[in-house]
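The structure under discussion appears below in the form of structure tokens.
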There are 4 protein chains.
Amino acid sequence: MQIASFAEVAERYPVIFLDAYGVLKNYRGVLTGIPEVIANFEARGKEIFIVTNDASKSPEIMARAYVLAGHELIRADQHITSGMLVTDWLSAKVRNGRVAYLGKPESAYYIESAGLEALPIASCSYEERVEAIALLDDEGFDWQPDLNRALNMLRRHNVPVVIANADPTYPVNPSDVAVAVGSLGNLLEGLLHKRFIRFGKPDAIMFYYAFERALIKNPSLRRQDILMVGDTLETDILGGNKFGIDTALVLSGNTSPDDAETQIRATGIIPDHVCASILT
Amino acid sequence: MQIASFAEVAERYPVIFLDAYGVLKNYRGVLTGIPEVIANFEARGKEIFIVTNDASKSPEIMARAYVLAGHELIRADQHITSGMLVTDWLSAKVRNGRVAYLGKPESAYYIESAGLEALPIASCSYEERVEAIALLDDEGFDWQPDLNRALNMLRRHNVPVVIANADPTYPVNPSDVAVAVGSLGNLLEGLLHKRFIRFGKPDAIMFYYAFERALIKNPSLRRQDILMVGDTLETDILGGNKFGIDTALVLSGNTSPDDAETQIRATGIIPDHVCASILT
Amino acid sequence: MQIASFAEVAERYPVIFLDAYGVLKNYRGVLTGIPEVIANFEARGKEIFIVTNDASKSPEIMARAYVLAGHELIRADQHITSGMLVTDWLSAKVRNGRVAYLGKPESAYYIESAGLEALPIASCSYEERVEAIALLDDEGFDWQPDLNRALNMLRRHNVPVVIANADPTYPVNPSDVAVAVGSLGNLLEGLLHKRFIRFGKPDAIMFYYAFERALIKNPSLRRQDILMVGDTLETDILGGNKFGIDTALVLSGNTSPDDAETQIRATGIIPDHVCASILT
Amino acid sequence: MQIASFAEVAERYPVIFLDAYGVLKNYRGVLTGIPEVIANFEARGKEIFIVTNDASKSPEIMARAYVLAGHELIRADQHITSGMLVTDWLSAKVRNGRVAYLGKPESAYYIESAGLEALPIASCSYEERVEAIALLDDEGFDWQPDLNRALNMLRRHNVPVVIANADPTYPVNPSDVAVAVGSLGNLLEGLLHKRFIRFGKPDAIMFYYAFERALIKNPSLRRQDILMVGDTLETDILGGNKFGIDTALVLSGNTSPDDAETQIRATGIIPDHVCASILT
């Protein structure tokens, strides 16, 4: 396994898709040096998009994190979040009525943006009739009563369930992780023997959305012009590979320099490039 | 599918293993008429044993539920609980030290009976060194912090995890269920990619324990002399079948009369007898 | 569950995506009356596309099945096959070299169309170096030696594996099914603990391809203008629902009229419409 | 991880359970030096038992492999095979009639020993009525037609399926493996959504059988007097640990010296001892 300089790898690609967590930021916020790297990409005419499994807040709020000299470096419309796919799906398939959700109040944004009423699961009776249930975030509710509530609501009424973030865990500091809403979804799905609808990497739809948005500015863009950069083999690299674009694994997040080679061999998920971080 | 009278079916078997929940009791307690049926079994010389996936309290406390005219009908030593297998396993493999657990304080009985110190997970730091972790019950702790705590403890220290009850859910009233500790174990096991040790039906060890106890009184007992009675195909009937004893499904609990035939065909788990309840 | 007339349902949608097997054809070929129905769709200005999990032959060969009065009713370019996604992926990610495959010689079309050399697994040694392995069809090879060969090649060399058809089984006559290549892929993936790349419904990429092709003719097409029609909840309906288009389940194939309601409830996969067949 | 001398470890245990493949023999036969080690165990009064996931031939035939100076070192009655559990189960639950099987003709021994008629799957029609289906070995039949035959027989008639060997693969030479019948069972079970009955390590029943046999000679034997020795964490060590006996991992088979520590950490399956081989 060769470690390449990210600057050299990026040279070849006019469009770069970036995972946020583990690449641009960590549990403490945006990493030192990142705003300068992004400003430099833009100065050289590269288009960048964030492709993130996150439905905890709106793209507008996310955009506020990347600021240099008072200037927003990555606009809301450069963010493709798994939450947006939920909004899009609700608009297409649910259309009107109430959607019950698990998550923080801020995550209700993704239901309300579809013109629907968002109802915390905690406020529902077991008999409650809703059009769909959305699993948005692992925080903002009491797990035991609310998971039991979701389970019994779904045993009574056959409504679709969408999961906005298929990640099993997420890092909360350099050594610890927390159970993510994707795992709570797996738990419920296994008990009900039903099929939930999952959005987020590695699902290729995330990449299609970003690709479509990139095409607006550059209609002759081809997939070979795009590089997906991420810290996680199972989501960023597997998804980018499946979508048919080149992929770069960075070792600044979930995948440590010590583990990278073993994990690539063990999972069969092979990035086109491996770089220490995008700062290199 | 023929529905047989339980009294007639039971006639042929000198020893009867009974599941508790859904057979003898429900969420409100012991069913009307059950004490008389048990007293009648004993009057006719049948030996009975409870074989139950339960680690929420000790056999002594469980025995107090079955009383007729002030007389305990099913003694503590006629109870084989999945919790007892945990005690037995801890005695054999852990021997001394501290065991962290998820569950109600009463379930710590099964750790303390092995001569070990029981520590609620809530009192542990992520760095805590324990000899094993035991998942005993779904109640008695706050799920979000304590599941995250168990997850991170196990990422730091490679210790065995035992689950005292492999059931995925349990009924809390005629229409609702609750997520059981077995499902919380599945969630953690999936995230860690480790192998936990599960005790309880359908695992055949439960039946071995009951069989060994029955042999004490009747050393010439053969497996064909035993009938396992339960309300759940996936635990009672699958486990009894695998152990090689005859099985009777009763329709007084998890499996409703409307569903029984469909479920038997769908799962391929075939009881030797089907009865409405043990009161018939 | 209400059974609607397909003609009435289809009225509202200018674009119709159709599964082939179980909708237009069965094990004996195209169903009686289907060519007339298709001709009628076209006469009324509807655009139709076949969206099929099939990599056993080229779209050109598939198109020859739908003929009325010597006229090809569904052109090759109206066929979206899971095999085409494999070709597309190989073009994007492999680019040159040799790809070993399991399947009939005809299925090699999907490798050769990407400008690559197709090598039957049977002709490979365990040491063989190839760029990727493609699982294309369940026929055309000897399972025991060739699955063992694929397994050992993948234990030696870490190369990507693509599966052209994720279906677990397919019907071979009204009462019997055959194990499909998707299940052979699951078997190998489980043994290797690696992540293979699967193409085909329910994956939403299939629908994106069809959508993109429909946009060429009608650039103002919206997803709500499209109806997906299929006989299988797990692929056609789940995939269409996830892509955000309306779905119609027909009862002329995998899902029988007796089972439809039970299966919809059991799986939680809910079609917008249910019709006896597209002939109604 | 400390590597101990097996001779020193074994000193403490009057009874030793041994896996065969990877411990006593490999693909070429019994390892050099093994007969002498076994003879020495017996000279020092230790009782040994083979506990093996194997249903390819009878214990009588297996016993012929361990010979020193014309003397059979490990008698047939010291072999506990997963095939014996199948025989035992068929005797208890099927009693009479015909059992269809996948496997070599020699493996039919385990059906015929239960007094039943053994029928190769290849000789069955899809309509065939049998009392049970037994998956005994991966060889002796043509996979594609016979797996499809088993699948369709089980879709027609709801009969129990027993698997005599739950191992996913087995080594055929130092670098290659072959798909075992356990994996073929997983494939069929997944397609049918039914529950098969699996025998073999890590299931604790294997250990119970060996324990019961050891008790005959020494009725005061306790579990702490027994050591289980094997080369595979997932079967030998997990099973021995669950049964509550001490376990020793040897590095002469499936687990290489380089991988042992990583695998113990990754799986959470912790042996009490690690030794290079039983020759040390």
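If ligands, DNA and RNA are left out, what is the accessible area of A:GLU117 with a 1.4 Å probe, given in Å² to the nearest 10?
100
Given the rule -39500 (n - 2.57) for each run of at least 4 DSSP H residues, summed and divided by the residues of the protein assembly as shown, what is its mean residue ellipticity at 222 nm, to the nearest 500 deg cm²/dmol?
-9000 deg cm²/dmol
Per-residue HN-Hα couplings for segment C:120-137, Karplus 6.51 cos²θ - 1.76 cosθ + 1.60 at θ = phi - 60°, whole Hz, x for Gly and Pro?
x, 3, 4, 8, 8, 8, 4, 8, 3, 9, 10, 7, 6, 10, 10, 9, 10, 7
Set Lys and Arg Cβ to +1 and Asp and Glu Cβ to -1, take the dipole of segment A:33-96 about its Cα centre, and tell me which of A:ALA39, A:VAL67, A:LEU85 lies farthest positive.
Value: A:LEU85.
Considering the options C:GLY185, C:TYR209, C:THR235, tell which one lies farthest towards the positive end of the dipole of segment C:180-239, charges being +1 on Lys and Arg and -1 on Asp and Glu at the Cβ, about the Cα centre.
It is C:TYR209, whose Cα lies furthest towards the positive end.
Taking chain D as a Gaussian network, where each spring joins two C-alpha atoms under 10 Å apart, which residue of D:GLY33, D:GLY230, D:GLY200 fluctuates the most?
Its mean-square fluctuation being the largest, the pick is D:GLY33.
To one decimal in nm, how far is D:ARG156 from the same spot in the other copies, if labels go 7 Å from Cα toward Cβ? Please give the shortest first.
4.2, 4.5, 6.0
Please report, in debye to the nearest 20, how large the charge dipole of chain B is about its Cα centre when each Lys and Arg carries +1 at its beta carbon and each Asp and Glu carries -1 there.
760
Which listed residue (A:ALA164, A:ASN53, A:THR255) has the Cα farthest towards the positive end of the charge dipole for chain A, taking +1 on Lys and Arg C-beta and -1 on Asp and Glu C-beta about the Cα centre?
So the residue furthest toward the plus end is A:ALA164.
For peptide A:17-24, how many partner chain Cβ atoms fall within 10 Å of a residue's Cβ, on average?
If you average over the peptide's residues, the count of other-chain Cβ atoms is 0.
Would you list A:HIS157, B:HIS79 from the most to the least accessible area, probe 1.4 Å?
In descending accessible area the options line up as A:HIS157, B:HIS79.
How much solvent-accessible surface does A:ARG156 expose, in Å² to the nearest 10, with a 1.4 Å probe and all protein chains in place?
Surface open to solvent at A:ARG156 totals about 80 Å².
Can you give me the Cα centroid spacing of segment D:126-196 and segment B:89-159 in angstrom?
Measuring centre to centre over Cα atoms gives 39 Å.
Determine which chain C residue has its Cβ at minimum distance from the rotation axis mapping C onto B, giving the value in whole Å.
Taking the axis that maps C onto B, the answer comes out as C:THR262, 4.
For B:HIS193, what accessible surface area do you get with a 1.4 Å probe? Give it in Å², rounded to 10.
Here the residue's solvent-accessible area equals roughly 140 Å².
With Cβ to Cβ distances under 10 Å as the rule, what net charge do the other residues near D:ASP246 carry (K, R +1; D, E -1)?
With Lys, Arg at +1 and Asp, Glu at -1, the neighbours total +1.
Taking the Cα centre of each part, how many Å lie between segment C:205-280 and segment A:17-86?
Spelled out, the Cα-based centre of one part sits 36 Å from the other.
Quick check: net charge around D:ARG129, other residues with Cβ under 13 Å of its Cβ, Lys/Arg +1 and Asp/Glu -1?
Surrounding charge for D:ARG129 is -2.
Expressed as a rounded percentage, what relative contact order does chain A have, with Cα pairs under 8 Å and six or more residues apart?
In percent, rounded to a whole number, it is 22.
Under DSSP H, which helices of chain B have Cα atoms covering 18 Å or more of the helix axis and a Kyte-Doolittle average no less than -1.0?
Qualifying helices, which must be both long enough and hydrophobic enough, are B:205-217.
Keeping the other protein chains in place, figure out the carbon and sulfur percent of the accessible area of chain C, with a 1.4 Å probe.
Reported share for carbon and sulfur atoms: 49 percent.
Ignoring ligands, DNA and RNA, how do B:TYR208, D:TYR126 rank by accessible area with a 1.4 Å probe, largest first?
D:TYR126, B:TYR208
Please average, across the residues of B:236-244, the number of beta carbons from any other chain that are within 10 Å of each residue's own beta carbon, and give a whole number.
Partner Cβ neighbours, averaged per residue: 4.
Would you pull out the residues with amide H under 5 Å of C:ASP246's amide H, same chain only if 5 or more places away, H placed 1.01 Å from N?
Distant-sequence amide H within range of C:ASP246: C:ILE226, C:MET228.
When the dipole is taken about the Cα centre of segment B:1-65, and only Lys, Arg (+1) and Asp, Glu (-1) are charged at their Cβ, what size is it in debye, to the nearest 20?
160
How high is the FRET efficiency between B:ILE61 and B:VAL172 when r is their beta carbon distance and R₀ equals 25 Å, given to the nearest 0.05?
Between B:ILE61 and B:VAL172 the formula returns 0.80.
Treating the beta-carbon of each Lys and Arg as +1 and of each Asp and Glu as -1, no other charges, what is the dipole magnitude of segment B:116-266 about its Cα centre, to the nearest 20 debye?
The dipole magnitude comes to about 720 debye.
Could you report segment D:217-259's accessible area per residue, 1.4 Å probe, as an integer in Å²?
Computed with neighbouring chains in place, this is 34 Å² per residue.
Distances in nm, one decimal, shortest first, from C:ARG12 to the same residue in every other copy, taking the label point 7 angstrom along Cα→Cβ.
Here C:ARG12 shows inter-copy label distances of 4.9, 5.8, 7.3 nm.
Whenever you get a sec, line up B:MET228, D:MET84 from highest to lowest accessible area (probe 1.4 Å, protein heavy atoms).
Sorted descending by solvent-accessible area, the residues read D:MET84, B:MET228.
On a 27 Å Cα-Cα criterion, which of the cross-link pairs B:LYS57/D:LYS93; C:LYS104/C:LYS201; A:LYS201/C:LYS46; B:LYS242/C:LYS194 come out too long?
B:LYS57/D:LYS93; A:LYS201/C:LYS46; B:LYS242/C:LYS194
Give the percent of DSSP beta bridges with both residues in segment B:1-100 that are antiparallel, rounded to the nearest 5.
Close to 35 percent.
To the nearest hundred square angstrom, how large is the accessible surface buried between B and A, total for both chains, probe 1.4 angstrom?
Result for this pair: about 1900 Å² buried.
The values are calculated or read from the model by the stated rules, or taken from the named source; none is laboratory data. Note that the structure is predicted; figures quoted are calculated from it, not measured. As a convention, Cβ positions derive from the backbone with ideal geometry for all residues, glycine included, and neighbour counts pool all protein chains shown. In case anyone asks, the SASA skips ligands and DNA or RNA and just uses the protein heavy atoms, side chains included. Shrake-Rupley method; radii C 1.70, N 1.55, O 1.52, S 1.80 Å.
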